[in-house]
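Trainee: One structure, pasted below without further comment.
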Amino acid sequence: MTNKRNNQTAPMKPLDAESLNVPSDEDPRQLFADWLVSSKNPFFARAVANRYWAHFFGKGIVDPLDDMRVTNPPSNPELLDALAA
């Protein structure tokens, strides 16, 4: 993606991670997928655990299901941490 103000390419940077340097012959989606499921990504396990909880019990530990921001804390943070681990 190109920044329209300064005409520079925006760096590829996952949340809470360093910028990625992707060679032109590699698919950046593969690097993103690797980061997404990496143990270094603290967001994935919590989101999946919350989704499974909502699927089986009708309501997520974090509700609404897709609202995993800091200002919308889980109803039981210890349970969510344990399930994510």
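The values are calculated or read from the model by the stated rules, or taken from the named source; none is laboratory data. A quick note: this is a predicted structure, and the numbers were derived from the prediction, not measured. Please note: Cβ atoms are built from the backbone with ideal geometry, for glycine as well, and neighbour counts cover all protein chains shown. Accessible surface areas use protein heavy atoms only, side chains included; no ligands, DNA or RNA. Shrake-Rupley method; radii C 1.70, N 1.55, O 1.52, S 1.80 Å.
Trainee: Do we find that residue 22 is of a type in the set (Val, Ile, Thr), surrounded by 13 or more Cβ atoms within 10 Å (Cβ to Cβ) and farther than 16 Å from residue 74 by Cβ in this structure? Reasoning before the result, please.
Mentor: Numbers: of a type in the set (Val, Ile, Thr): yes; surrounded by 13 or more Cβ atoms within 10 Å (Cβ to Cβ): yes; farther than 16 Å from residue 74 by Cβ: yes.
So residue 22 passes the test.
Trainee: Which residues, counting only those in region 1-59, are farther than 27 Å from residue 70 by Cβ and of a type in the set (Val, Ile, Thr)?
Mentor: Going residue by residue through region 1-59, those that are farther than 27 Å from residue 70 by Cβ are 2-9, 21-30.
The answer is 2, 9, 22.
Trainee: So if I check each of 51, 69, which one is part of a loop (DSSP other than H, G, I, E, B) and either open to solvent by 100 Å² or more (accessible area, probe 1.4 Å) or in contact with a Cys (Cβ under 8 Å, 6 or more places away or on another chain) (or both)?
Mentor: Details: 51 fails: part of a loop (DSSP other than H, G, I, E, B).
Residue meeting the stated conditions: 69.
Trainee: Please go through region 2-59 and give me each residue that is among the aliphatic types (A, V, I, L, M) and either touching a residue at least 60 places away in the same chain (Cβ under 8 Å) or over 21 Å from residue 85 (Cβ atoms) (or both), ordered by number. I'd like the intermediate steps shown before the answer.
Mentor: Taking region 2-59 as the starting set, the residues that turn out to be among the aliphatic types (A, V, I, L, M) are 10, 12, 15, 17, 20, 22, 31, 33, 36-37, 45, 47-49, 54.
Residues satisfying the conditions are 10, 12, 20, 22, 31, 33.
Trainee: Is it true that residue 62 is open to solvent by 60 Å² or more (accessible area, probe 1.4 Å) and either part of a loop (DSSP other than H, G, I, E, B) or at pLDDT 95 or above (or both)?
Mentor: Numbers: open to solvent by 60 Å² or more (accessible area, probe 1.4 Å): no; either part of a loop (DSSP other than H, G, I, E, B) or at pLDDT 95 or above (or both): yes.
No.
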